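No value in this document is a laboratory result; all are computed from the given coordinates. All values reported here derive from a predicted model rather than from experimental measurement. Cβ atoms come from the backbone with ideal geometry, glycine included; neighbour counts cover every protein chain shown.
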Amino acid sequence: MSLARYDWNLMNRLHRDFEQALGQSGPVALVPRIESREEAARYVLRADLPGVAPEQIEITADQGVLTLKAARGGTENAAESVTYQRRFALPEDADAEQITARSAHGVLEIAIAKLVKAQPRRITVEAA
């Protein structure tokens, strides 16, 4: 799975400082850090989503695309809500039916199982 990795912490901090300088106190964009790795039997995506409850996360897989949507804040006031959406192309050997997700302590982990490949096997010939 080839995913680009960006660290947006500096940009978030600059954006927050800029808004404070202008006297705006609105929410700052939600741009989580995402890591990806490939293991023998699965692919794993980890996203830092501090302040996002599991019920505010939506993950869908459709036609080879995994979509991650998250919202933070604004439970009482929708104008204060900050949303995030990112899409990932699933590798050809990804099993879209075997995707699991867990959120704990502000870290979302998505596990995408790989399709089981048919292994070559030796066929014995019996004597008649």
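How charged is the neighbourhood of Ile57? Take every other residue with its Cβ under 14 Å from the Cβ of Ile57, and add Lys/Arg as +1 and Asp/Glu as -1.
Net local charge, Ile57 excluded: +1.
Comparing region 86-128 with the 2.2 N^0.38 Å rule of thumb, its C-alpha radius of gyration ratio is 2.05 (two decimals). When peptides 87-94, 44-51, 117-124, 99-106 are ranked by their average number of other Cβ atoms within 10 Å per residue, the highest-first order is 44-51, 87-94, 99-106, 117-124.
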